[in-house]
Every structure is written in C-alpha cells, then in structure tokens.
Amino acid sequence: MSQMPDLFTLFIFISHFFLTITLGFYLILNLQWYNYRLNRVLFHHKKYLWHLLYFVVPLAAYYLTGKYFWIYFYFGLLPALTLWYRRIDKKLVFTARVKRFFLFLAFAVVVGDLLCMSLQKCHIYPVILPLFFALGASLLFEKMLFKSYYNEAKRKLDRMREANGLQIVAITASYGKTSIKNFLWQILKSGGYDTYKTPRSVNTLAGLVKDVNTELPENTKVYIAEAGARERGDIDEIARFLEHDYAIVGNIGPQHIEYFKTLENIRNTKMEILNSPKLKKAFVHESAHVKPDNRVELFGNHIKNIRATLEGVSFDLEIDGREEHFEAPLLGAFNAVNITAAILAAKALGMPVDAIRRAVSRLEPVEHRLQKIEAGGKIIIDDSFNGNLEGMTASYTLVESYPGRKILVTPGVVESDKATNIQLAQKIDTVFDTVIITGSINAKVLATHIQKARKVILRDKSRLEEVLAEETLPGDLILFSNDAPTFM
C-alpha cells in the first residue's frame, strides 16, 4: 500500500510528459506548415477549430479538471488526435529542426517536473512554460545556426564565381515561377550549359541557403533559383544573399493577397528582386507596371499569335526587331509567357535563338502542371499545381472544345479573395458538366455562384478516388485544377 503514491506520482509524471509532447507535436506541425512563422499560425490559419480542439481545449481541461483530466487525455484527446493526423495529407517531416525542438521540449518537461517533485511546491505540473521555453530556445538556436549556414553558403557562391564564373538567375512571380525555372533549366541544359536549379518549390531564404550548402554542385556555371515571399522584405533578403546576375519577374497578380493586403504591396515586394548588387539584366512582365531602363526589359506585349490546343502551344515573339516563331509540346496559352521569360534569359546568357527554338520544341511539362494522362478510357489533365485565376481559367478554355463530358476537381483559388473565386465560378459554369469542390476553404462561394454545373462538395479528400469512380465514365475528361492541403 505504501508504494501506491509512488506509482501514482510516476503515472502523473509520465502522463504529463506525453501531454506536453502531444501539444508540442501539434504546435510544431502547424509551424512547419507555415514556414515557422508563428504570426501566420495565429492570424492566417484556415482551420481555427483545430486550434480549439487540439490545443486550447486540452490546455483548459488540464488546468480545470484536476485528476480526471487523464481520462480525457488517454480516451479522448489521443484517439481524436490520432484519427485527425491520419486524415490530413501534410504529415510532420522530422527534420533536424523538428528533432531539436522536441529535445528542447523534453528537457524542459523533465527538468521542470523533477524540480516540482523535489521542492513539492507544484500543485500541478506546468505545460505552457515548457512549450514557451522550447519555442524560444528553438528559435534562438535556429537563428544562430542559420547565421553560420548563411555565411558558409555566401563563401561557397563567391568561391564558385571566382573559380568557374558562376552566374545566377533569380526568378519570382505571383505565379509561374516554378515553370519558368524548369523551362530555363531545360533550355540551357540542351545548349550544353552546366546548370542547376533549385528543387521542387524551394524559394525561401532558408531553403536557398540549405540548397547552396548541400546540393549545389561546385562545377555549376548557371544557378537558377526561385524567390518567394509572404512578407515585405523576404525577396530583398534573397537578393542580398544570391547577388544574382539576372532576374526574371513573371506574371504579378493577387496571389497571397491576404498577406500583402494590396496588389501594390505585392508588386513592390516582387520588385525587391532588383536589389541584387551584381544585377546585369532583369526581364520583367508588363503586369508589374514598371518603367524599363538600361537594366530592366519588359516582356509580354511582344508575344503574338498565341495558339493553344490539347497538343501544345505556339506563338510568335519579337526578338531584336525580328519576329521569331516558337512551338512547344506544352498545354496552356499562359505558358507562352513563361516560355518567353526563359527564352529571354537564355539569350542573355549567350545561347543562340535557333538553339533556343530547338530546345523549346522539346520542352517537357512540369509535373502537376497541365500534364496530360490517358487512363481507363478517360483523359486526365493534372493541373493541380496551378493555383492562380489566370492560369486556371486558361486551362478551362483549353478543354472547352473537348466533345465529351468534362469534370472538374478543384478547391478554387487558394490564398485569394472572394471576388476572384466568383470569377472562377462563372468560368466553370461555361465549361464543365460536373465540378467536385474539394475542401471547405472556398466551398461556400463556389457552390453559391456555380449555377449550371452539377456540384459535388467533398470535404474529405481521402474519398476522392471513390467519388471519381462514381461520377466519371470512359470518354470523360477530368481536369484537376489547383490543390490545397487539408489545413487550408
């Protein structure tokens, strides 16, 4: 009988440890989703109910329910959180940063609990304090570590400039920057350039620093990098780091307007890419509304005779006073703009126009951007990485002439405003027979303004395959237009 208090104390100690780690798990997962910006987790989250159910309510219950809390923790919170985690599509990636956070958290919990046990002055073990400690310690440690990595990456870029004349191309846009990057890389590769591009959608300062340190080959002659932003100054930091020779500013529009508030703020942030001290030339889309000068060349208005079909895109482009014709096996009229940006940059890097034309004719589509697939007698167009109004509506125009039934799968335009999604709904109504609306972020506005097409609202994307089997037949065309993770 005398051992019972010791066993109970041990049970409380272990349970409190697991509770704090559980809340830390939810916290770091959300931070990873939003690039470790706490203000975005707090003020720009799309599912505040999750914060309430899996963080606020457990904290309140812990401090208010006393000894009965552990019944709720083991038989309520943990099963619910496990089920929720299985259903979300963006799982926690256990990076070195995440592992360090858990080490800080575990240290804070164990030390705090041992102090409480030895002093016997704690009525309840602390939870908020260890979380704050781990968050603060992690932030401080990562800043110190990043500074070291940053300096190392700068030295590597300087060394490569000296050793083999490295030239850097930085690309930004509201949309299309990943396509421009991939097209330019393919064109330069076909011309025999030793070129390297940032992987996937790596476009933050931290991502670029890591890429330079760990992936960029020492013999690279042309480094092509994306520059993304969620706040003013983000691209300026990238420009000061890369000190790129060439810049491309693609289409600018209201993407991420919830962060920047106005289109003018978006333009100003994108134009920070001109702040490189080594900039020789910048190719800027006319949507930026800037004045050309000896460093800035506008593009977009010289693209003519664009023709887009389900076989590819062709267009004419004025270069050095001559009209040049280009054809590419890529879907979507908007790709004429992205290809043009790549053409101009390749020419500036010394590649002849005829060689560029041959490379353009062999361009391969970027994964999940208007990829055409035929399966089970159905035509599937995967455009799930295209998330802006202009590109999405252009893809709808592209499939409009298809003679069979047309089915759309979309969450709408994410990180944009209501007016943009109303425009999208109006275009959907003119093209599609059925629209499957995924997620809840734009479900209400799309369902309200889509009048003609049959609507299926799918809040759980895990059922998408089942719904498609029910809703589609051989001969149908299925367009996947944009995608949004379950936390959006």
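The values are calculated or read from the model by the stated rules, or taken from the named source; none is laboratory data. This structure is a prediction, so every number in the text was calculated from the model and none was measured. Every residue, glycine as well, gets a Cβ built from its backbone with ideal geometry; the counts of neighbours run over all protein chains shown.
Given Ile235, Ile273, Ile187, which one is under 16 Å from the mean Cα position of the chain (by Cα), under 21 Å from Leu344 (Cβ atoms) and assigned to a helix (DSSP H, G or I)?
Selected residue: Ile235, the only one of Ile235, Ile273, Ile187 that is under 16 Å from the mean Cα position of the chain (by Cα), under 21 Å from Leu344 (Cβ atoms) and assigned to a helix (DSSP H, G or I).
From the list Arg322, Arg307, Arg295, which one is out of contact with any strand residue (DSSP E or B) (no Cβ under 9 Å at 6 or more places or on another chain) and of a type in the set (D, E, K, R)? Step through it out loud before you land on a result.
Values: Arg307 fails: out of contact with any strand residue (DSSP E or B) (no Cβ under 9 Å at 6 or more places or on another chain); Arg295 fails: out of contact with any strand residue (DSSP E or B) (no Cβ under 9 Å at 6 or more places or on another chain).
Among Arg322, Arg307, Arg295, only Arg322 is out of contact with any strand residue (DSSP E or B) (no Cβ under 9 Å at 6 or more places or on another chain) and of a type in the set (D, E, K, R).
If Pro292 meets every condition in (1) closer than 21 Å to Arg267 by Cβ; (2) touching a Leu at 6+ places or on another chain (Cβ under 8 Å); (3) surrounded by 13 or more Cβ atoms within 10 Å (Cβ to Cβ) apart from one, which number is that one?
(3)
Answer yes or no as to whether Leu145 is assigned to a helix (DSSP H, G or I) and closer than 29 Å to Leu27 by Cβ.
yes
When segment 378-396 is examined, which residues are found to be over 19 Å from the mean Cα position of the chain (by Cα) and at pLDDT below 90?
Step one: filter segment 378-396 for residues over 19 Å from the mean Cα position of the chain (by Cα), giving 378-381, 393-396.
The answer is Thr393, Ala394, Ser395.
Check every one of the strands (runs of 3 or more DSSP E) wholly within segment 354-454 and list those with 2 or more residues that are among the charged types (D, E, K, R), in contact (Cβ under 8 Å) with a residue 24 or more places away in the chain and assigned by TED's automatic domain parsing to the domain that holds Pro474.
Where strands (runs of 3 or more DSSP E) fall fully within segment 354-454 and carry at least 2 residues being among the charged types (D, E, K, R), in contact (Cβ under 8 Å) with a residue 24 or more places away in the chain and assigned by TED's automatic domain parsing to the domain that holds Pro474, they are 378-383.
Of the residues Phe55, Phe104, Phe94, only one is in the same structural domain as Leu10 (by TED's automatic domain parsing), of a type in the set (Phe, Trp, Tyr), closer than 30 Å to Ser440 by Cβ and outside any loop (DSSP other than H, G, I, E, B); which? Can you show your working first?
Details: Phe104 fails: closer than 30 Å to Ser440 by Cβ; Phe94 fails: outside any loop (DSSP other than H, G, I, E, B).
None of the other options fit; the residue is Phe55.
Condition check: assigned to a helix (DSSP H, G or I), modelled with pLDDT of 90 or more and under 23 Å from the mean Cα position of the chain (by Cα). Does Leu464 satisfy that?
Answer is no for this residue.
Looking at the structure I just gave you, is Thr9 in contact with a helix residue (DSSP H, G or I) (Cβ under 8 Å, 6 or more places away or on another chain), assigned to a helix (DSSP H, G or I) and not assigned by TED's automatic domain parsing to the domain that holds Arg459? Spell out the reasoning first.
Details: in contact with a helix residue (DSSP H, G or I) (Cβ under 8 Å, 6 or more places away or on another chain): yes; assigned to a helix (DSSP H, G or I): yes; not assigned by TED's automatic domain parsing to the domain that holds Arg459: yes.
Taking the combined requirement at face value, the residue satisfies it.
Cys116 passes all but one of (1) in contact (Cβ under 8 Å) with a residue 60 or more places away in the chain; (2) surrounded by 15 or more Cβ atoms within 10 Å (Cβ to Cβ); which number fails?
Against the list (1) in contact (Cβ under 8 Å) with a residue 60 or more places away in the chain; (2) surrounded by 15 or more Cβ atoms within 10 Å (Cβ to Cβ), Cys116 comes up short only on (1).
Only one of Glu327, Glu323, Glu318 is at pLDDT 95 or above and assigned to a strand (DSSP E or B). Can you tell me which?
Only one candidate qualifies: Glu327.
Do you know which of the residues in segment 467-488 that are of a type in the set (Asp, Glu) and in a helix (DSSP H, G or I) is farthest from Lys406 (Cα to Cα)?
The selected residue is Glu470.
Among the residues of segment 107-138, write down those that are farther than 20 Å from Asp6 by Cα, assigned to a helix (DSSP H, G or I) and out of contact with any Pro (no Cβ under 7 Å at 6 or more places or on another chain).
Result: Phe107, Ile128, Leu129, Pro130, Leu131, Phe132, Phe133, Ala134, Leu135, Gly136, Ala137, Ser138.
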